[in-house]
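The structure appears below as structure tokens.
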Amino acid sequence: MPNPLYDTLFGRHAGQDTPFLILRDGSEITHAAFVEMAAQFAHAITTSGLVAGDRVAAQIHKSPEALALYAACAQTGTVFLPLNTAYTPAELSYFVEDSGAKLLVGDPKVADTLKPIADACGAVLETLDGAGGGTLVDLAKTSPTTFETVDREAGDLAAFLYTSGTTGRSKGAMLTQNNLLSNTEALVDLWRFTADDVLLHALPIFHTHGLFVASNITLMAGGAMVFLPAFNLDDVFAALPKSTSMMGVPTFYTRLLGDDLFTRDASEHMRLFISGSAPLLAETHVQFEDRTGHRILERYGMTETNMNVSNPYDGERRAGTVGFALPGTEVKVCDPSTGETLPQGEIGVIEVRGPNVFKGYWNMPEKTAEELRDDGFFITGDLGQFDADGYLSIVGRGKDLIISGGYNIYPKEIELVLDEQDGVLESAVIGVPHGDFGEGVVGVLVEQSKGSIDVDAIKAAMAENLARFKQPKRLVVVDELPRNTMGKVQKNILRDTYNDSFA
Ligand code: MLC
Ligand code: AMP
């Protein structure tokens, strides 16, 4: 095959007159029409001067056109780099610069802010809004509806997804065509997706979950998606009777359970609910079954590896666990200091190897070497434990990471911003239980001198530098941070102290 990713997910649906995207207003886009739209975007990309291997950074609202841009990158052999729409210009410029993107696609409303960022990096700026407008669309719509697919090999890069790190500097995880395809193939089979499936898609499409799990699976199976711009309960209730399956972060499921309209009848048409990206409380799993009769299927994955582990489709979906390694993927629990595999039942760091594991971090060979072993095992930084039946549980994190509503937040990145502010001596950022988001962010600040901190000024600085979801939902000022004898901040003590912040 000349281009495995494009051919398998998109090209083979050319001329297929069945629905692919069912939109909020009830209108539909067929697979055939989507392939044609993608070809037009492929022309727009190459007209902008890009060639295979070039990066396309996109901070765009969820829309059929945004998904078509991903398909167009596959068809042109360019590397798709989707970015969270919540990122501030300060965050965005790092990604564009670090990746050396040749094309930046952004919202027309912020084109004036994006232009200097693109110019500084020598990238072309085009726009795409959430309603099918923008300069990229203008280029696309006058272009032919077929495009000669660029040859690629399975090992060629398909996407960069940036993931933050414990040092505060984001790393571009390089994913190959085969990383994506091998994982999609395993999941379609495991979760029994077919052309008859209609997936309720309310996730963002700038992360692994909404893009490479949800969309790729539907494309490979040849099914359809109810493609909602965001998670909104009214839209979800309207979509449930048309859908067969749904993927979501735990917040989706707790929000559904929080609404009395969510009943056994409301979910009658569904065959499968899948959860991931953050821990699903066993209690949510049980409540969900009581209310609907469905057992949520929980799985575990990450940006660098796509999906690794899943509860079974047919066998017992065990609450509080993520199940078994996917076919073709090896998973072990290891001693963090020696890397030796631990006996069953012991807690250690989860390591993963398989065709799904990424190629490395862009331009960061040392970081890659720290996390990706020579024998191909990736050190996830998550702590896990196998039970006697082989089910894996995620019991904690070896990395200082907060997961809020399915978004990863690295405390270090927030602390670096807080520490720079006038009147702040130092800071510590922690995650504590939050009823809606699972974990909520608390910033603990130490003043340089009594009264030196202006909390409003700090909030303004955060708004300037950090995406909204990363900004602490509570800020507290203290005299000093608790430290152990080595001088290390004891975040466990802070977590206990501020545990009830969002109760
Ligand atoms: C929104 N806010 C958040 C937030 N989402 N704050 C913390 N964490 C979040 N996840 C902010 C908003 O800016 C707003 O701020 C306030 O919280 C309330 O917003 P909301 O309207 O209630 O939120 P909503 O827009 O409904 O979004 C919540 C959400 C969304 C859960 C639907 O965050 C979401 O779609 N999350 C999915 C993330 C995801 O796809 N993760 C997959 C990563 S891939 P204010 O102050 O202005 O009111 C991965 C690998 C794997 O992890 O295994 O899958
Ligand atoms: P990301 O880097 O955004 O891809 O997030 C990946 C991280 O999400 C993993 O390293 C885990 O910490 C977490 N994660 C994903 N799925 C689950 C799950 N089912 N249970 C607990 N944590 C999860």
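The values are calculated or read from the model by the stated rules, or taken from the named source; none is laboratory data. Keep in mind it's a predicted model, so treat the numbers as computed, not measured. We place every Cβ from the backbone using ideal geometry, glycine too, and count neighbours over all the protein chains shown. Calculation scope for accessible area: heavy atoms of the full protein, side chains included, ligands and nucleic acids excluded. Shrake-Rupley method; radii C 1.70, N 1.55, O 1.52, S 1.80 Å.
This table checks each residue for (1) open to solvent by 10 Å² or more (accessible area, probe 1.4 Å); (2) aromatic (Phe, Trp, Tyr).
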site	(1), (2)
LYS62	yes, no
LEU67	no, no
TYR94	yes, yes
ASP98	yes, no
Tell me, which residue of region 351-403 that is of a type in the set (Gly, Ala, Ser) and away from ligand 2 (no atom under 11 Å from the Cβ) is least open to solvent (accessible area, probe 1.4 Å)? GLY360
In region 70-101, anything more than 30 Å from LEU416 (Cα to Cα), out of contact with any strand residue (DSSP E or B) (no Cβ under 6 Å at 6 or more places or on another chain) and not polar (S, T, N, Q) is listed as ALA71, ALA72, ALA74, GLY77
Is there a residue being among the β-branched types (Val, Ile, Thr), buried (at least 19 other Cβ atoms within 10 Å of the Cβ) and within 28 Å of SER182 (Cβ to Cβ) anywhere in region 288-297? yes
Criterion: within 14 Å of ligand 1 (Cβ to nearest atom), β-branched (Val, Ile, Thr) and in contact with a strand residue (DSSP E or B) (Cβ under 9 Å, 6 or more places away or on another chain) - qualifying residue of ILE458, ILE402: ILE402
One residue is enough: does region 79-88 have a residue meeting the conditions more than 24 Å from the chain's Cα centre (by Cα) and surrounded by fewer than 24 Cβ atoms within 10 Å (Cβ to Cβ)? no
Can you name every residue in region 451-482 that is open to solvent by 40 Å² or more (accessible area, probe 1.4 Å) and assigned to a loop (DSSP other than H, G, I, E, B)? GLY451, ASP454, LYS473, ASP479, GLU480
Could you grab me the full set of residues in region 9-24 that are over 15 Å from HIS201 (Cβ atoms) and either modelled with pLDDT under 95 or open to solvent by 30 Å² or more (accessible area, probe 1.4 Å) (or both)? ARG12, ALA14, GLY15, GLN16, ASP17, THR18
Subset of region 483-503 [small (Gly, Ala, Ser) and surrounded by fewer than 13 Cβ atoms within 10 Å (Cβ to Cβ)]: GLY487, ALA503
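Just to be sure before I move on: is ARG152 open to solvent by 20 Å² or more (accessible area, probe 1.4 Å) and within 16 Å of ligand 2 (Cβ to nearest atom) in the structure I sent?
Here the answer is no, as ARG152 does not meet what is asked.
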For region 246-266, name all the residues that are within 27 Å of GLU439 (Cβ to Cβ), polar (S, T, N, Q) and open to solvent by 30 Å² or more (accessible area, probe 1.4 Å). THR254
